[in-house]
Structures are given as structure tokens and as C-alpha cells.
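All remarks here apply to the structure that follows.
The values are calculated or read from the model by the stated rules, or taken from the named source; none is laboratory data. Please read all numbers here as calculations on a predicted model, not as lab measurements. Here the Cβ positions follow ideal geometry from the backbone for every residue, glycine too, while neighbour counts run over all protein chains shown. Quick note on the areas: whole protein, heavy atoms, side chains included, nothing else; ligands and nucleic acids left out. Shrake-Rupley method; radii C 1.70, N 1.55, O 1.52, S 1.80 Å.
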Amino acid sequence: MSDPTQQTPNTAAKQFPCSSCGAKLEFHPGAATLKCPYCSHENRIPQSAEEIRELDFYEYFARATEQGDAQEVQTVKCQSCGGTSTLQPNISMSHCPFCGTQLQAKAKASRLIKPGAILPFKIPKNKAMELFRDWLGGLWFAPGGLKDKAAKDGGIKGMYIPYWTFDAQSTTWYDGERGEDYYETERYSETDDDGNSVTRTRQIRHTRWYHASGTVWQNFDDVIVQAGRSLPPEIVDELEPWDLKALVPYQDAYMSGFQAEAYQVDLGDGFERAKQEMDGAIRATIAADIGGDHQRINTVRTQFDGITFKHILLPVWISAYKYGDKSYRFLINGSTGEVQGERPWSVAKIAMTVLASIIVLILIALVLKK
């Protein structure tokens, strides 16, 4: 299922000039203001009176053009890692924010669903850099000079990562079995400490299985699905939980001074992934409905109704640096400060530590023999 955004208006990101010196204002994390990086003049971002809308999933595909929830943006794709970023007007990138590789691709126009909500940055850049340095300094068996090289090559950049959220009501018909345990006494013989054969008893557990079938209902709210492919999901997933209650209606002002990853998982594929997450919860509900000591689920048929979605942007500080021939990523949840990252290992340091440990063990053994 692909997104029907072929006939959408071209909406460029707004510019916010400083009324004092004329420079470009940037969003100030942790405050609802735009701040000039040169003269420190601040403009408060007016808070939107609009509510964050949940869009009807099927109606969107039928009436995407009329709803006007799409925009044309400039995107650039890294030829090394495949990461795709959106570009604001008059902004250029020399290195990929996701892997640190020199960018050679040119920007192109892409039609994307417009974000409906955004979680603004709360962690400022200087705090993110402090967390990055602390993380690098705490690495064991790191190659020499890594801290200086990573800070020099990667720096740190603020990126908004795309997600889908889905709401739905599910009705599930199932067929399965309920297992109920019972115990029988069994006699057996064994030899005791004196060599005599003795008869003992033990309880053996058995299970009786009974047919079970029924219907269960479940409501899902804000099932979150990562819509980008530029970052390793195993690292991004560890940045959770996200404070979705702090989402605000999307405004261009929150993007000033930051970039965004363009989504690569379209709306239809996003819902398929959401259904996989819902399936685990549905099966847990079925197991509870079957009851007993054990459950077998043979068939499941689920109908989803009232499906709505949001396209949201979540804040991440990223440092992408190269060490040797490999790229490494360091991520910070821009709202909570949760830290995750990849790191290189020094084979030489590990080998020296192992060798030193062996020598110590040998010396201890020689001392004990005396």
C-alpha cells in the first residue's frame, strides 16, 4: 500500500529572521522560544490553539489531496548508509548526519505526509555534548585517541526522527485449547545410602486439554512505529519511552536550526508493522480469556476498526563518526536524555589485558605451590 501524495501543494519551511541583527533564529531546546545564535535575541513561539489531529486511516488514502496533509520537501540520500534527510531552504550538508560519510548526492524534491505533531527538544546541545564526552570517557577497551577523533569528526547534530502512531479497535475471533493440570502418584525404586533398594513415591504432573473458542476486544492507543531506516532499530528502540503526552501541534518554528529524517516506511507498511505489535497484545488477551494452566492458540482472525494515525517527529541528538573503515552512531533522546550508542573495540588492549590476567594467574599458581 503506497501513499497517495502525487498531487500535493509545495510548502517550504519558513525562515525566522532575527528582528535585532537579521540572522536566522533557531529553536532553543527546553524553552518555547527562537533564539539568535549571534546576538541572543529571543522570540517566543506562539502556542497553537489547535489540537493534535488523529487522521482517519482509510479516508486519508481516499481523500489525501483534499485533506492537505502532504508537503513537498527537499531530501538528500546518503550513498553509504542510505539515510535520507530533509533540508530546509538555504541549508547544505557536507557530511551525512547518520554515518558521518562525505555526502556526494544532490538534493531532490520528495512528496511526504506533513507531520501533525512534534516533540520539541528539551536537552540543549551543550548538555548533549557533555553526555557524549562522558559516554566516550567511560568506554573500556576503546582505541587510543577515540575521544578526540569522535569529537572532531562527528560533532553532534539535532535531528527529528519520523514515527507513525496508530489507534485502533480490534475484534478477534479465536479457536484454541485450555490445559488444566492434574497430578498422579507414581511409585519408583532407588538405592539408599546403605545400598538397600527402597520404594518411594512422587507426584507426576499431567495436563488435560479442552477445546476453547471465543471473541475478544481490545482498544489500542498510540502504537508507535519507527518510520525511518537511517538508524539501527536496536539502538533507536532503546531510546524509549518517549513522552508522547508532551507532543505539540507541528510548527515550522520547532524545526529552525534542526534537520529531520525523511520517512522511508510509508503509511501502509507502517500499519502492517503496528499490527505485528498489536498481535502480541491480542494473543495475551486471548490467553487470559482461555484461562486454565496452559493455553494453545490454533487460529486467530482479527478485524481492525476505527483506525486513525498521526505522523510525528521525535528529537534525537546524533553524533556519527568514522573509526577505521566503519561508522559508529551515538544517540541521545532529545527529550529525556536517555543515551545509547555504538563503539569500536581495541583488539590490542583486550589482548594485552587477557595476557596480563594469564600472567597474574600463573604467578599466583607458582606462589601457592611453594
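General remarks:
- Residues (among the small types (Gly, Ala, Ser) and open to solvent by less than 40 Å² (accessible area, probe 1.4 Å)) located in region 196-225: Ala212, Gly214
- First in region 181-197 and on the phi < 0 side of the Ramachandran plot, second anywhere and modelled with pLDDT of 85 or more and part of a loop (DSSP other than H, G, I, E, B), Cβ under 6 Å, 6 or more apart: Asp181/Asp293
- Residue check, Val367 at pLDDT below 70 and either exposed (fewer than 13 other Cβ atoms within 10 Å of the Cβ) or under 30 Å from Thr171 (Cα atoms) (or both): yes
- If the condition is being in contact with a strand residue (DSSP E or B) (Cβ under 8 Å, 6 or more places away or on another chain) and open to solvent by 20 Å² or more (accessible area, probe 1.4 Å), then region 255-267 contributes Gly257, Gln259, Tyr263, Gln264.
- Answer residue from region 226-245, given it is under 13 Å from the mean Cα position of the chain (by Cα) and of a type in the set (D, E, K, R) and is least open to solvent (accessible area, probe 1.4 Å) among those: Asp243
- Just so you know, in region 287-318 the residues that are of a type in the set (D, E, K, R) and in a strand (DSSP E or B) include one that is farthest from Ile156 (Cα to Cα), and it is Arg296.
Here's the yes/no breakdown for (1) over 22 Å from Lys157 (Cβ atoms); (2) in contact (Cβ under 8 Å) with a residue 24 or more places away in the chain:
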residue: Pro232; (1), (2): no, yes
residue: Lys245; (1), (2): yes, no
residue: Tyr254; (1), (2): no, yes
residue: Phe258; (1), (2): no, yes
residue: Phe271; (1), (2): yes, yes
residue: Met278; (1), (2): yes, yes
residue: Ile282; (1), (2): yes, yes
residue: Thr285; (1), (2): yes, yes
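- When each of Tyr182, Tyr163, Tyr174 is tested for being among the aromatic types (Phe, Trp, Tyr) and either more than 30 Å from Thr302 (Cα to Cα) or open to solvent by 90 Å² or more (accessible area, probe 1.4 Å) (or both), the lone residue that passes is Tyr182.
- Residue within region 344-359 that is under 27 Å from Ser230 (Cα atoms), of a type outside the set (Ser, Thr, Tyr), at pLDDT below 90 and touching a Lys or Arg at 6+ places or on another chain (Cβ under 6 Å) present: no
- When Asp252, Asp193 are checked against the criterion of being open to solvent by less than 50 Å² (accessible area, probe 1.4 Å), among the charged types (D, E, K, R) and out of contact with any strand residue (DSSP E or B) (no Cβ under 9 Å at 6 or more places or on another chain), a single residue qualifies: Asp252.
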